[in-house]
Amino acid sequence: MSSTTKAAKRRAPGENGGYARIVKEIGRALSAREVAEAVGVGERSVQNWRAGAARPRGAAREALLDLHYVIAALSDVYTEEGVEVVLRGRARALDDRRPLEVFAAGEREAVVRLAGQLRDYG
């Protein structure tokens, strides 16, 4: 193993931009509190992820990655403000519920599907 590879493995969690970068990207559309509520953790956890001081684990990691997918898919078609409007506004495809609330309630797949449809069909 090269010294470069060894050094990369010793880096602090998130130092290479992985989860810290993801949380920062999500943060363009949502506050730390909203991210925390959506993925089911405390706001302090989200702040630690963003700072690279910790990494999400288990169900929170999966939810964070799903949330990142949703925001990235919406960003393909909408401005940052448009993404915020879609996440906080009511959606007919979700029985007139708000996507962010549906996601936080554990119905992530419904929101992932909606984001994919909006990306693919505008």
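A short reminder: the numbers here are calculations on the coordinates, not readings from a lab. Everything quoted here is computed from the prediction, not taken from an experiment. Positions of Cβ are generated from backbone atoms using ideal geometry, with glycine treated the same way; all protein chains shown enter the neighbour counts.
Taking 1 over the mean of 1/r across every pair of different Cα atoms in the chain, what Kirkwood radius in Å do you get?
Computed over Cα pairs of the chain, the Kirkwood hydrodynamic radius comes out at 15.0 Å.
What full-extension length gain, to one decimal in nm, is calculated for residue 55 and residue 113 as 0.36 nm per residue of separation minus the Cα-Cα distance?
18.3 nm
Can you tell me, using C-alpha contacts under 8 Å and at least 6 residues apart, the relative contact order of the chain as a whole percent?
RCO, the chain: 23 percent.
At a 10 Å Cβ-Cβ cut-off, how would you order 31, 45, fewest neighbours first?
Listed from fewest to most nearby Cβ atoms, that is 31, 45.
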